[in-house]
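Here is the structure we will look at, set down as structure tokens.
The values are calculated or read from the model by the stated rules, or taken from the named source; none is laboratory data. Keep in mind that what you see is a predicted model, and the values were worked out from it rather than measured. FYI the Cβ positions are ideal-geometry reconstructions off the backbone, even for glycines, and counts take in every protein chain you see. The protein model used for the area step is the full one, side chains on, heavy atoms only, and it has no ligands, DNA or RNA in it. Shrake-Rupley method; radii C 1.70, N 1.55, O 1.52, S 1.80 Å.
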Amino acid sequence: MPRIPLLAGTRLVIANAPDDAVVLQPPPPERAIDVAAAVRDSLRFPLDGEPLETLARGARRATIVVEPPALPIPGVATDPREAAIGAVVDELERIGISSGYQTILVATGLARRTAQRELESLVAPELARRFHGRVVVHDAELPELVAVDEDGPPRLRVNPALAETDVVVVVTAAETVLHGGPSALLAAADAEALRAAGAYSLLETAASQGWQLATRLERALARRIPVFGVSVVLNHPTVTGLLRGYPYDPDALERIVGSPLRRAFSALPGFARARVIRSLPVEGSAAAVFAGPPSVAHAEALLRAVELRRVTLAPPLDALVIAVPRTTPFLPRERPNPLLVAYLGLGLALRLWRDEFPIVEGGVAILVNRFLRHFAHPTQQPYRAFFHATRFGRDPQSLSAAEAGVLADRRAIEEYRAGRTVHPLLPFRDWNGCQPALGRLGAVFVAEARDAAAARQLGFVPTHTVAAALELVRGQTGGSPRIGFLLAPPYFPLSVGG
């Protein structure tokens, strides 16, 4: 019987898998490229349209749109996007737009607005020292948002730094259809548009309202000013130290399971385990860079990223075990509350598929996490409000009333605008992000759960161990179910089909 290490919270849970279990391991990272050189080449030879030098001819001001590096998980110490931003700043200076007339717009969407002390982490230290332009952190509730498309719904209003400039350059990574490319432009829009940005699969544009809104916004901006995009294809991050080789190397699984350090690590208190995990060096690199109109560059880069990172699965599974680590899908990284655990498992890991959902209709997802009702203060206070609002039910009418209530809470809005919390609408969008998976699944089990009430409030079934959850799956299917184990993070694309 194979023994599989799963990183759940700060704990290494060893699961005894059936002999016929499907172990899903991501492919190892590809060969790294020189990001700055690749960006310079892509700016001169875009996939479509004119090169940046032609588009920016005569421009006096430029806005560079970036996103906080929330994906992939885990984050890396030196992100390749830093080199890409530096190369774009240098190219704009070469064209004739000095850095004093450049604006870096941090498109945070509904996540917590990046604090001033964290802004330097978005660029290389060398660039931070010599950059003389403005750095603007987007505010989705800013009264001065500029309307660029009134044909909605929703109508699209954006940060003034996008509309009041001579050229816009989007510099992002190709992670999903909702992260990077034109979606970075949407992440600098108003709360109404951001709330509507959903996707059935994070890797397919066809059923993604978020992608449709993002490309609509790109077209609206392009009618006013030149818009250019740079999309970086990131390799999977590489962890060293205690988890060296995990989750790519099969030998690493055996080494971790048999290591005497594992027992010592498990005996540490939670805060000490978290500190050890944060201290593990995580290296990042890039495999390719594409440029052109943001939607074109991002679509091509996303296809390349899927090809490099994907795992093929056929046929779909009866049940899939997904461990959720101690992290959040936004910055700063904190202990996740139960809704964020559900989002990481159902809204992120189970939406990274192409062609077909990875679990059969009516199948089971098993989330491995302690599922403690802890809300990091003050960032996650809107999630506390979500749990309070849904304590009597999660029907659409109750959720709609609760959403209207948080929008009317001026104090919650002001806390968001001050950069202390996420936007009060974000928990509702996260819950919506879980719906594509919940609509296909028959049940969600939470293994290792220590807060059964929190699991039941979200409609999940708490169990004490992974083994108990697997027994419930066998009882539910009445036979020999096909069970998979997703070795993550990082989460990776699943290409499902025959």
Selection within segment 460-498 - over 21 Å from residue 73 (Cβ atoms), at pLDDT below 95 and within 26 Å of the chain's Cα centre (by Cα): 496, 497
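Just to check your reading of the model, which residue among 2, 51 is open to solvent by less than 40 Å² (accessible area, probe 1.4 Å), free of Cβ contacts under 8 Å to residues at least 24 places away in the same chain and farther than 23 Å from residue 237 by Cβ? Walk me through how you get there before you give the answer.
Details: 2 fails: open to solvent by less than 40 Å² (accessible area, probe 1.4 Å).
Among 2, 51, only 51 is open to solvent by less than 40 Å² (accessible area, probe 1.4 Å), free of Cβ contacts under 8 Å to residues at least 24 places away in the same chain and farther than 23 Å from residue 237 by Cβ.
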Open to solvent by less than 70 Å² (accessible area, probe 1.4 Å), modelled with pLDDT of 95 or more and farther than 12 Å from residue 339 by Cβ, is that true of residue 364? yes
Given segment 408-498, what helices (runs of 4 or more DSSP H) lie entirely inside it while holding 1 or more residues that are in contact with a helix residue (DSSP H, G or I) (Cβ under 8 Å, 6 or more places away or on another chain) and open to solvent by 40 Å² or more (accessible area, probe 1.4 Å)? 410-417, 426-440
Using beta carbons and a limit of 9 Å, which pairs, at least six apart or on different chains, have the first residue in segment 179-207 and under 12 Å from residue 302 (Cα atoms) and the second one part of a loop (DSSP other than H, G, I, E, B) and among the β-branched types (Val, Ile, Thr)? 202/177; 203/177; 204/177; 205/177
Can you tell me which condition residue 127 does not meet? The list is (1) open to solvent by 10 Å² or more (accessible area, probe 1.4 Å); (2) outside any loop (DSSP other than H, G, I, E, B); (3) touching a residue at least 24 places away in the same chain (Cβ under 8 Å), and all the others hold. (1)
State yes or no: is residue 274 closer than 19 Å to residue 70 by Cα, at pLDDT 95 or above and not in a strand (DSSP E or B)? no
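Yes/no matrix, rows are residues, columns are (1) assigned to a loop (DSSP other than H, G, I, E, B); (2) in contact with a Leu (Cβ under 6 Å, 6 or more places away or on another chain); (3) hydrophobic (A, V, I, L, M, F, W, C):
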residue: 312; (1), (2), (3): no, no, no
residue: 330; (1), (2), (3): yes, no, yes
residue: 348; (1), (2), (3): no, no, yes
residue: 357; (1), (2), (3): yes, no, yes
Based on what the data block shows, is residue 100 over 24 Å from residue 492 (Cα atoms) and not aromatic (Phe, Trp, Tyr)? yes
